[in-house]
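Notes follow once the structure below has been shown.
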Amino acid sequence: NAGVTQTPKFQVLKTGQSMTLQCAQDMNHEYMSWYRQDPGMGLRLIHYSVGAGITDQGEVPNGYNVSRSTTEDFPLRLLSAAPSQTSVYFCASSYRGVNDEQYFGPGTRLTVT
Amino acid sequence: QQPVQSPQAVILREGEDAVINCSSSKALYSVHWYRQKHGEAPVFLMILLKGGEQKGHEKISASFNEKKQQSSLYLTASQLSYSGTYFCGTVMSGGYQKVTFGIGTKLQVIP
């Protein structure tokens, strides 16, 4: 198993550009989530999904969209990048829902200039 | 609401013990513990569920006081490999499907 994969590893965007961060898992996990990590602020939940076709907002959803058309993939879209979205983004998945071990991807380091 | 972790940072010598605390003002269903090394992704340590069930690594010890909404992670006979930032995450009672993480406790183990 490849586990949780994320692409790209690094990205630089200009303010106003849009892009999609990719996340995939090959463990047949139902629950997937996106976090952003900023210095001194821990991990903050952006969006999550409890299964294909079902998504919901986390703590900091503004400026981001998600979809879950398959069990494997959970892309995160930045609609119009802002410098405040400069962060490290982690995707995670778990087999039996939120109260189960989450496996984190390696992260994407995004800089918005 | 974000759980509160204490201490924010701690330095240990190899072989010493440490306790990291996590508290919430909300009624909790579960508490999750993860460790993150610099430049890497968080790694699962343990989940403690309301009712006493625990899932996690055998060498990790933790407690969950359901009445006080508090959890503690016990690190005994620390090793250099224990260094990193420890995060607690909480899931509120009531069927919530979100983990809310604290800001972390930075642990450094020195020889």
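When the stretch A:60-88 is filtered for residues that are closer than 28 Å to B:G94 by Cβ, part of a strand (DSSP E or B) and not hydrophobic (A, V, I, L, M, F, W, C), the ones remaining, listed by number, are A:Y64, A:N65. Within the stretch B:83-111, restricting attention to residues that are more than 10 Å from chain A (Cβ to nearest Cβ) and of a type in the set (S, T, Y), the residue that is nearest to the chain's Cα centre (by Cα) is B:Y86.
Considering B:L12, B:L80, B:L49, B:L75, the condition of being facing another protein chain (nearest Cβ under 9 Å) and over 24 Å from A:D38 (Cα atoms) is satisfied by B:L49 alone. Here is a check on your reading of the model: is B:L73 touching a strand residue (DSSP E or B) at 6+ places or on another chain (Cβ under 7 Å) and surrounded by fewer than 15 Cβ atoms within 10 Å (Cβ to Cβ)? For B:L73, the condition - touching a strand residue (DSSP E or B) at 6+ places or on another chain (Cβ under 7 Å) and surrounded by fewer than 15 Cβ atoms within 10 Å (Cβ to Cβ) - is not met.
You will find that of A:V50, A:V66, the residue that is in contact with a Phe, Trp or Tyr (Cβ under 6 Å, 6 or more places away or on another chain), more than 22 Å from B:Q36 (Cα to Cα) and surrounded by 16 or more Cβ atoms within 10 Å (Cβ to Cβ) is A:V50 and no other. Tell me, please, whether a residue that is within 29 Å of B:G52 (Cβ to Cβ), in contact (Cβ under 8 Å) with a residue 24 or more places away in the chain, aromatic (F, W, Y) and touching a Phe, Trp or Tyr at 6+ places or on another chain (Cβ under 6 Å) can be found in the stretch A:101-110. Yes: the stretch A:101-110 contains one or more residues that are within 29 Å of B:G52 (Cβ to Cβ), in contact (Cβ under 8 Å) with a residue 24 or more places away in the chain, aromatic (F, W, Y) and touching a Phe, Trp or Tyr at 6+ places or on another chain (Cβ under 6 Å). Is it the case that A:G42 is surrounded by 14 or more Cβ atoms within 10 Å (Cβ to Cβ), touching a helix residue (DSSP H, G or I) at 6+ places or on another chain (Cβ under 8 Å) and on the phi > 0 side of the Ramachandran plot? So A:G42 does not fit the description; no. Return a yes/no flag: does the stretch A:10-23 have any residue that is free of Cβ contacts under 8 Å to residues at least 40 places away in the same chain and of a type outside the set (A, V, I, L, M). The answer is no, given that none of the residues of the stretch A:10-23 is free of Cβ contacts under 8 Å to residues at least 40 places away in the same chain and of a type outside the set (A, V, I, L, M).
A short reminder: the numbers here are calculations on the coordinates, not readings from a lab. What you see is a predicted model; the values in this text were computed from it and never measured. Heads up, the Cβs are rebuilt from the backbone with ideal geometry, glycines too, and the neighbour counts pull from every protein chain shown.
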